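Nothing in this text is a laboratory measurement; each read-out follows from the coordinates by a stated rule. Bear in mind that the values here come from a model prediction, so they are computed numbers and not experimental data. Cβ sites come from the backbone with ideal geometry, for glycine too, and all protein chains shown count toward neighbours.
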Amino acid sequence: MKLNKISLIILMVGFSLTIANSQKKLKSIMEDFRLLNGSWQGSLTYLDYTTGKPYTMPADIEVKQMDKTNKFIFSYIYPDERDANSADTISISADGKYIEKEKVKYRKRLFKGDLIYVTEEKGIDGNDKKKATFRYTYTIGKNTYVKRKDVRYKGDKNWIKRHEYSFTRKSI
């Protein structure tokens with residue numbers, strides 16, 4: 001009987017620590033992504049599937065947290081290709097381990113204070129619709145935001161840079 005009580009106490013303490021750690025992780029990632037709120041201007045460079053060469057075009061982004069939720073609206077604006085404008089709602093999981101379906105692999109603070117998040121998810125890519133792993137690298141700073149997508153096809157060892165958004169905060 002005494003052993004059962006001790007086991008129960010150990011389980012409860014472990015569970016409490018797990019919840020506290022998840023809340024801390026969520027708070028940290030939410031604080032980091034709140035830095036993105038506002039207007040940004042920059043460019044999108046992507047790998048053209050047809051030519052296999054990179055193509056760069058102007059791109060702007062507006063980021064806004066939805067009230068006090070774990071969701072952010074990313075509105076992409078392409079000044080030279082208005083038909084391509086789009087918006088995404090990004091959710092951060094309650095435990096802070098996922099950005100949408102992307103598993104957060106690590107978070108690192110750089111020397112100059114910027115943050116890097118690396119996430120991964122499985123999916124289908126390209127005109128050939130191949131199975132792949134996607135790796136996203138988010139660099140978040142006070143005045144810079146970069147989001148890079150790399151792809152590694154199933155069975156391959158090398159990563160391919162699919163696209164990269166690079167933004168600077170617009171002056172008010």
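Key figures for this structure:
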| item | result |
| --- | --- |
| Neighbour cut-off at most 12 other Cβ (10 Å), DSSP loop, chymotrypsin sites (Phe, Trp or Tyr not before Pro), region 105-135 | PHE111 |
| Point-to-point label distance, GLU121-ALA94, nm (Cα→Cβ direction, 7 Å offset) | 2.0 |
| Amide H within-cut-off set for LYS170, under 5 Å, with H built and near neighbours excluded | SER39, TRP40, GLN41 |
| Near-label residues of region 73-100 by backbone N, under 15 Å of a point 7 Å along Cα→Cβ of ASP48 | none |
| Relative contact order of region 74-133, pairs being alpha-carbon contacts under 8 Å that are 6 or more residues apart, as % | 18 |
| Pairwise centroid distance, computed over Cα atoms, of region 149-172 with region 81-107, Å | 14 |
| Interchain or long-range residues, amide H under 5 Å from LYS101's placed H | none |
